[in-house]
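Comments concern the structure below.
The values are calculated or read from the model by the stated rules, or taken from the named source; none is laboratory data. Please read these numbers as outputs of a predicted model, since none were measured by experiment. Here Cβ is always computed from backbone atoms with ideal geometry, including for glycine, and neighbour counts include all displayed protein chains. Note: areas computed on protein heavy atoms with side chains; ligands, DNA, RNA excluded. Shrake-Rupley method; radii C 1.70, N 1.55, O 1.52, S 1.80 Å.
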Amino acid sequence: EMLPARLLAWHPQAAISSGIFEALSGHGRTDSERRLLRLVRLQTAFAVACPFCIDMNAFDIERYGISTQEFRALQTAFANGYPSSISDRERTALEYARLISGTPLHFLPQFIEKLKIEFSEREIVLLATTVSQVNYWARLVQALGIPPAGFTEECGRSE
């Protein structure tokens, strides 16, 4: 039983809009895009320190080709460097996720140029909306005091 759904039932408009928001979010067209978006979701969940979001997005990470080493690197915001399995393109997307999740938002012009070299306009919108979606859920579930749902043991590694 999902606690967010139960709590959102108290305000049906919020439940419906949240459901539509989730259903229409980007999940990737190819395996590499699905991997990238899952990495971005996880990086965002760690950046905003949301155990529920980490739990949800860590579920079945192997299916997306994400290793335990990569997961641990995301968890520490790459304090010990990037694993060689994280491509330059993925690194740029992960940096973008961290920047979007910070307050205030601040993007150096050099970073924006790098982002535009690595990603098309469509892809940048997909990255920004994916990060924003995780930020939305993080704020909502944390404001409602929702604990991890127990989808994976990975969440335990974040603490």
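In table form, for the structure just shown:
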item: Failed item in (1) surrounded by 14 or more Cβ atoms within 10 Å (Cβ to Cβ); (2) assigned to a loop (DSSP other than H, G, I, E, B), with LEU74 passing the rest; result: (2)
item: Any hit, the range 119-141, residues being touching a Phe, Trp or Tyr at 6+ places or on another chain (Cβ under 6 Å) and of a type in the set (S, T, N, Q); result: no
item: Yes/no for ALA15 being in contact with a Leu (Cβ under 6 Å, 6 or more places away or on another chain), at pLDDT below 95 and in a helix (DSSP H, G or I); result: yes
item: One residue from GLY26, GLY81 being in contact (Cβ under 8 Å) with a residue 24 or more places away in the chain, outside any helix (DSSP H, G or I) and either charged (D, E, K, R) or open to solvent by 10 Å² or more (accessible area, probe 1.4 Å) (or both); result: GLY26
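Let's see how each residue does on (1) loosely packed, with under 11 Cβ neighbours inside 10 Å; (2) among the aliphatic types (A, V, I, L, M); (3) in a helix (DSSP H, G or I); (4) free of Cβ contacts under 8 Å to residues at least 12 places away in the same chain:
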| position | (1), (2), (3), (4) |
| --- | --- |
| ARG89 | no, no, yes, no |
| GLN110 | yes, no, yes, yes |
| LYS116 | no, no, yes, yes |
| VAL131 | no, yes, yes, no |
| TRP137 | no, no, yes, no |
